[in-house]
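The next block holds one structure in the form of structure tokens; read it before the comments.
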Amino acid sequence: MAKNLLSRKLLQPNNGKKTDPAHPAIFPTGIFPADINEREEKIYDLIAKRFMATFAEPAVRETMTIEIDCKNEAFIAKGTRTIEKGWHIFYEPYVKLEEEELPKVNKNDEVTVKKIILHSKETEPPKRYTPASIIKELERRNLGTKSTRSEIIDTLFKRGYTTGKAIEATDLGIKTVETLEKYCPKIVDEELTRHFEKEMELIMEDKRKSQDILDDARRKIEEILSDFKKHEEYIGKELLEANIETRDELSNLGKCPKCDEGELHMRKGKYGSFIACNKYPECKTTFSLPSNALIKPAQKICEKCSYPMVLAIKKGKKPMEFCINPKCPSKHVEGDAGRQAKDIAKGIIEKECPKCKEGKLVLRSSIYGKFYGCSLYPKCRYTEKLGEGPLKQDFDKKA
Ligand SMILES: [Zn+2]
Ligand SMILES: [Zn+2]
Ligand SMILES: [Zn+2]
């Protein structure tokens, strides 16, 4: 395909309508990517093909409309087909255009009515936003930049203002907006954000001095902050309640399997996230959580042990479900590997850590299952698979 393009005399890319000096278009460098996974390869393919397509000729499409008069009621049939493929050739299989060819007809031809179907349809209310559609909406409203928009959405999730794939505002999110609208509406005013965004663009384009704009921004922020300070106490009080409610809702894992009275909640501590029973100190049930993934309640219980399940989410990877019970039968390792593990746990067998050659292998368990670790952890971070069970690192590597 590249040869086909290079054989042309004039190569001129088709430029989009928008310019963005901070984020120039992505193009392949000519170095073929080595050691990439399937997903990355797909994205590379898309970028490379799109790059080539920008140099190709326009495609020609033809739309035909047939008007049919049925007892003075007009019916319309529309069909579009591609006559010259142009850039489509380079952009396959990413061209998403429908080919709908209509039968050949001449003016004043008679057509027979085969069937009459009456469709009853209603207009649908708008769907909830998804991360992708909300980013589009931000762009439409001129809020944020290409690089900050997805970060803005991430922050909303991280702070518990929104939840779910079809994004829902949490009570905390709604309450935060309501409270701020009441006491310092400027903070939640789109116009202010847009204003700053525009000013920054002017700096980038060298049309205004950064110092002037910074001074202006500082004045505006001082104004807002003094407003905020004045009402700080009320704002705090109103938000605290909503915060506790929402945090409990988002972190609730269901009934505590040990005491059967309390609820298990996800908590953040000095050493990372963990799960604890809310009947503490009467019930001291806790489970540790891995720090290498974002953990969310899966709203399910384990089929094997009836403990709550969690969803481990890592960027760019498929979320995985685990039950929080390290002793769950589903994590049992059978056969020789299992027997050896028991012997090591009891101290009958000793195995030297192959990495530091100082520590001993000890049996540890996490929500991912049992594994061997070095007794000198955290100085030595060696880990080893126990039979066929998955290891934290395997999960890291999984595409
Ligand atoms: Zn409990
Ligand atoms: Zn289980
Ligand atoms: Zn070691």
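Between amide H atoms placed 1.01 Å from N, distances below 5 Å from Ala298 occur with Met309, Val310, Leu311, all of them 5 or more places distant or on a separate chain.
Overall form of the stretch 1-119: prolate. Here a/c, set by the Cα gyration tensor axes a ≥ b ≥ c, is 1.5 or more, and a/b is the larger of a/b and b/c. Quick check on my link table: of Lys42/Lys318; Lys318/Lys342; Lys165/Lys237; Lys357/Lys379; Lys96/Lys121, which ones sit more than 22 Å apart, alpha carbon to alpha carbon? In this structure, Lys318/Lys342; Lys165/Lys237; Lys96/Lys121 exceed 22 Å between Cα atoms. Given the options Thr246, Thr29, Thr179, state which has the largest fluctuation in a GNM of the chain using a 10 Å cut-off (strictly under) for Cα springs. Greatest mean-square fluctuation among the candidates belongs to Thr29. Ordering Leu311, Leu361, Leu264, Leu97 from the fewest to the most neighbouring beta carbons within 10 Å gives Leu97, Leu311, Leu361, Leu264. Close amide-amide hydrogen proximity is noted between Gly254 and Leu264, each under 5 Å apart and 5 or more residues distant or on a separate chain (H modeled in the peptide plane; Pro and chain starts excluded).
Amide hydrogen proximity for Thr170: with H placed 1.01 Å from N in the peptide plane, the residues at 5 or more positions away or on another chain lying under 5 Å are Thr162, Thr163. Isolated cysteines of the chain, defined as having no other cysteine beta carbon under 4.7 Å away, are Cys70, Cys184. For the pair Asn106 and Tyr234, label points projected 7 Å from Cα toward Cβ lie 8.0 nm apart. Round to a whole angstrom and tell me the spacing of the C-alpha centers of the stretch 58-83 and the stretch 123-190. Cα centroid to Cα centroid, the span is 41 Å.
Ranked by Cβ crowding within 10 angstrom, fewest neighbours first, how are Cys356, Cys328 ordered?
Details: Cys356 14, Cys328 20.
Lowest to highest Cβ neighbour count: Cys356, Cys328.
The stretch between His195 and Leu311, if pulled fully straight at 0.36 nm per residue, gains 37.8 nm over its current Cα-Cα span.
Per-residue Cβ neighbour counts within 10 Å put Tyr271, Tyr372, Tyr280 in the sequence Tyr271, Tyr280, Tyr372, beginning with the fewest. For the stretch 110-200, the convex hull drawn through the C-alpha positions has a volume of 202 cubic angstrom per residue. Compute the Cα gyration tensor for the chain, then decide on rounded, prolate or oblate, letting a ≥ b ≥ c be the square roots of its eigenvalues: rounded whenever a/c is under 1.5, prolate when a/b is larger than b/c in the other cases, and oblate in all that remain. Here the chain falls in the prolate category. Whole Å is fine, so just give me how far the alpha carbon centre of the stretch 361-383 lies from that of the stretch 248-294. Distance between centres, Cα-based: 22 Å. Contact order, relative form, for the chain: 7 percent (alpha carbon pairs under 8 Å, 6 or more residues apart, mean separation divided by residue count).
Kindly identify the stretch 253-323 as rounded, prolate or oblate by the Cα gyration tensor criterion: order the square roots of the eigenvalues as a ≥ b ≥ c, call it rounded if a/c is under 1.5, otherwise compare a/b with b/c, prolate if a/b is larger, else oblate. Oblate is the answer for the stretch 253-323, as a/c is 1.5 or above yet b/c matches or exceeds a/b.
If you run the Gaussian network model on the chain, springs between alpha carbon atoms under 10 Å, then out of Asn72, Asn14, Asn278 the most flexible one is Asn72.
Mind scanning Lys158/Lys317; Lys198/Lys315; Lys158/Lys315; Lys186/Lys229 and naming the pairs with a C-alpha gap bigger than 21 Å?
Values: Lys158/Lys317 18 Å; Lys198/Lys315 31 Å; Lys158/Lys315 14 Å; Lys186/Lys229 14 Å.
Pairs exceeding 21 Å: Lys198/Lys315.
Using a Gaussian network model of the chain in which every pair of alpha carbons under 10 angstrom is joined by a spring, one finds that among Leu250, Leu180, Leu202 the greatest mean-square fluctuation is at Leu202.
Loop sites only, by DSSP: take the GluC sites (Glu not before Pro) in the chain that have at most 13 other C-beta atoms within 10 Å and name the longest stretch containing none of them. Here the longest run is 1-97.
Since every read-out is calculated from the coordinates, none of them should be taken as a lab result. Remember, predicted model here, so these are calculated numbers, not experimental data. Positions of Cβ are generated from backbone atoms using ideal geometry, with glycine treated the same way; all protein chains shown enter the neighbour counts.
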